[in-house]
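I'd like to ask you about the structure that follows.
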């Protein structure tokens with residue numbers, strides 16, 4: 001899991017606007033990272049996002065699966081993987097088997113079929129737990145961004161670049177921005193949870 005890094009100490013802001021622009025960009029990045037991580041969590045449906053984190057040992061180099069094969073979802077419960085080099089079928093199958101997806105690939109020498117079985121109740125609960133941990137991790141990242149922003153605003157005040165009124169107003173704005181992004185994280189997690197729990 002990637003963690004939102006604190007802004008480097010060398011970053012100096014000259015205005016409230018610069019601080020807010022930086023915060024917004026970093027909170028957007030946290031949200032984008034959450035969406036990407038959630039795509040790798042299984043639901044009862046086949047989606048190519050499931051395979052985003054699969055790395056295949058291709059001639060000694062860990063390579064993203066989508067750089068070695070054509071990936072398709074011909075039906076809701078099946079993914080097909082067609083390697084450009086058929087000698088990669090073995091390593092691709094191995095990478096999928098050892099991943100945390102719990103899927104069982106089968107091949108006919110040219111094409112790998114990856115059936116997506118319906119989720120058991122127990123597996124759904126595990127996935128929801130993983131989803132909650134992922135969402136919480138990203139909430140912490142949003143709070144870290146807020147903390148950096150607040151510190152930057154206090155520094156602007158200390159350096160006499162803004163007034164106390166500006167400081168108070170900006171800290172309120174930062175809190176509103178933070179609440180907004182927390183809401184977006186919660187909403188995204190809620191939609192994904194519904195997707196995991198939905199029985200098809």
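Name the single residue that is surrounded by the fewest Cβ atoms within 10 Å (Cβ to Cβ) among those in the range 168-200 being more than 23 Å from residue 33 (Cβ to Cβ) and at pLDDT 95 or above.
Going through the qualifying residues, I end up with 172.
Ok, one more. Any idea which of 148, 165, 179 is more than 30 Å from residue 66 (Cα to Cα), over 26 Å from the mean Cα position of the chain (by Cα) and outside the structural domain of residue 77 (by TED's automatic domain parsing)?
Step by step, each of 148, 165, 179 is checked, and only 165 is more than 30 Å from residue 66 (Cα to Cα), over 26 Å from the mean Cα position of the chain (by Cα) and outside the structural domain of residue 77 (by TED's automatic domain parsing).
Look through the range 182-200, keep the residues that are without any contact (Cβ under 8 Å) to a residue 40 or more places away in the chain and under 29 Å from residue 120 (Cα atoms), and return whichever of them is farthest from the chain's Cα centre (by Cα). Steps first, please.
Narrowing the range 182-200 to residues without any contact (Cβ under 8 Å) to a residue 40 or more places away in the chain: 183, 187, 190-191, 194.
Now narrow it down to the ones that are under 29 Å from residue 120 (Cα atoms): 187, 190-191, 194.
Working: 187: 14, 190: 15, 191: 14, 194: 17 Å.
That would be 194.
Sticking with this structure for a sec: Taking the criterion of being surrounded by 14 or more Cβ atoms within 10 Å (Cβ to Cβ) and part of a helix (DSSP H, G or I), would at least one residue in the range 96-117 satisfy it?
yes
Yes/no matrix, rows are residues, columns are (1) at pLDDT 90 or above; (2) more than 24 Å from the chain's Cα centre (by Cα); (3) closer than 25 Å to residue 82 by Cα:
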residue	(1), (2), (3)
95	yes, no, yes
98	yes, no, yes
102	no, no, yes
107	yes, yes, yes
111	yes, yes, yes
114	yes, no, yes
117	no, no, yes
123	no, no, no
131	yes, no, no
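While we're here: Checking the condition in contact with a strand residue (DSSP E or B) (Cβ under 6 Å, 6 or more places away or on another chain) and either within 22 Å of residue 32 (Cβ to Cβ) or not assigned by TED's automatic domain parsing to the domain that holds residue 177 (or both), which residue from 127, 131, 111 passes?
None of the others qualify; the one that does is 111.
Turning to a different aspect of this structure: Here are some conditions: (1) farther than 20 Å from residue 195 by Cα; (2) touching a strand residue (DSSP E or B) at 6+ places or on another chain (Cβ under 9 Å). Residue 52 meets all but one. Which one does it not meet?
Against the list (1) farther than 20 Å from residue 195 by Cα; (2) touching a strand residue (DSSP E or B) at 6+ places or on another chain (Cβ under 9 Å), residue 52 comes up short only on (1).
The values are calculated or read from the model by the stated rules, or taken from the named source; none is laboratory data. No experiment lies behind these values; they were computed from the predicted model shown. A quick note on method: Cβ atoms are made from the backbone with ideal geometry, for glycine too, and the neighbour counts reach across all protein chains shown.
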